[in-house]
Amino acid sequence: MAQTIPGLHHVTAISGPPQANVNFYVATLLQRLVKKTVNFDDPGTYHLYYGNQMAEPGSILTFFPFNDAGPGRAGPGMASAVAYGVPKGGLNAWMMALAEAAVYFDGPFERFDEQMIALTDPDGLRVELIETDRGMSQGISTDGTPVDGGFHSVTLWLDNPDRTARLLTDVFGYASAGEASQNGETRYRFLAAGQGRGSAIDLITSDVASIGRQGAGAIHHVAFRAENDDAQKGWQETLRSQGLDVTPQIDRQYFNAIYFREPGGVLFEIATDPPGFATDEPMETLGQELKLPAQHERLRDQIERILPPVTIPRGRQNAQ
Ligand code: ZN
């Protein structure tokens, strides 16, 4: 195989009003707000990026918050959950901290021999914390809660997983890593070759009838990593040769992006690692100022009047 996908780059979802979103991801899940910018296609709306301390690919969860977003719903053809990795032995501290903060969670459960819990964000997005060795190079903070692992996986809910599975294995270079059925849901796991941060993808089929709908709490798209523009160009050609309708490269300021809809209906993106989030502000102060791309800078006054103010809360530790 000429090239393989190293893992997830980012996941993008839709939320309701931004303050509740910031509070949950920063104060409860201890993510760092690494970029406060606007939706480049709709600059009157925020685009908020959360990640680990170094804002690394494979840790980035982004939101388009709309004050008036209708509720979204997961269903076939959509990503239905995002999971963060927790180092082995770290889940207990998370459960204690969440209980102390009166944050409801389900579990612990075991899935593919890994311990996990599940919670929902303020808009109903399912967020899982899963103990794993993959990509967990970071330590554990003073209060015992690991903060910096990045993603474990995303789950894609599909009517039929076959063609999506073939894309992952035959084109992206993932390996099949198990299958499990429970309560009318069958889950198929796939792992990227390097088994680093964000290297797992789960495909599920479910007996539950649901018609997915974009809206608050729904995942909009799932982005995979390309090491650089050349690797991305290779993917563009490979995917087109597979008959997939791939966009031209789009400049997203912090990465370059191409998009296509995978055969199961989920919107996929391939995003470059460079230039990264420290391209327009220092790593030390990421996320504190509203950053606008050059084409919207002349509208800054208007944009700042429209956007609701957002306060960045303190995390449980390592407050910025
Ligand atoms: Zn994206």
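What to note about this one:
- Note on the range 168-204: residues that are within 28 Å of Ser241 (Cα to Cα), open to solvent by 30 Å² or more (accessible area, probe 1.4 Å) and outside any loop (DSSP other than H, G, I, E, B) total 6.
- Within the range 265-277, one or more residues are part of a helix (DSSP H, G or I), touching a Phe, Trp or Tyr at 6+ places or on another chain (Cβ under 9 Å) and surrounded by 14 or more Cβ atoms within 10 Å (Cβ to Cβ).
- Within the range 71-122, the set of residues being over 28 Å from Gly196 (Cβ atoms), in contact with a helix residue (DSSP H, G or I) (Cβ under 9 Å, 6 or more places away or on another chain) and open to solvent by less than 40 Å² (accessible area, probe 1.4 Å) comprises Val103 only.
- Test: residue in the range 280-296 that is assigned to a helix (DSSP H, G or I), under 30 Å from Asp68 (Cα atoms), of a type outside the set (A, V, I, L, M, F, W, C) and in contact with a Pro (Cβ under 8 Å, 6 or more places away or on another chain): yes
- For the range 1-28, filtering for residues that are assigned to a loop (DSSP other than H, G, I, E, B) and either in contact with a strand residue (DSSP E or B) (Cβ under 7 Å, 6 or more places away or on another chain) or of a type in the set (Gly, Ala, Ser) (or both) leaves 6.
- Scanning the range 93-108 for residues that are in contact with a strand residue (DSSP E or B) (Cβ under 9 Å, 6 or more places away or on another chain) and part of a helix (DSSP H, G or I), we see that the one that is nearest to Phe24 (Cα to Cα) is Leu98.
- Figure legend. Inter-residue proximity from the range 1-29: first residues away from the ligand (no atom under 16 Å from the Cβ), second residues of a type in the set (Asp, Glu) and in a strand (DSSP E or B), beta-carbon distance below 8 Å, spacing 6+ or different chains. No pairs are indicated.
- Residue that is least open to solvent (accessible area, probe 1.4 Å) [pool: residues in the range 205-239 that are within 16 Å of the ligand (Cβ to nearest atom) and assigned to a loop (DSSP other than H, G, I, E, B)]: Ala218
- Scan of the range 51-70 for residues that are polar (S, T, N, Q), assigned to a loop (DSSP other than H, G, I, E, B) and open to solvent by less than 10 Å² (accessible area, probe 1.4 Å), ordered by number: Asn52, Ser59
- Unmet requirement for Arg73, which otherwise passes all of (1) over 24 Å from Asp106 (Cα atoms); (2) more than 16 Å from the ligand (Cβ to nearest atom): (1)
- Of everything in the range 240-258 that is open to solvent by 30 Å² or more (accessible area, probe 1.4 Å) and within 16 Å of the ligand (Cβ to nearest atom), the residue that is nearest to Met78 (Cα to Cα) is Thr247.
The values are calculated or read from the model by the stated rules, or taken from the named source; none is laboratory data. Quick caveat, the model's predicted, so the values are computed rather than measured. For neighbour counting, all protein chains shown are included, and Cβ atoms are generated from backbone atoms with ideal geometry for every residue, glycine included. In case anyone asks, the SASA skips ligands and DNA or RNA and just uses the protein heavy atoms, side chains included. Shrake-Rupley method; radii C 1.70, N 1.55, O 1.52, S 1.80 Å.
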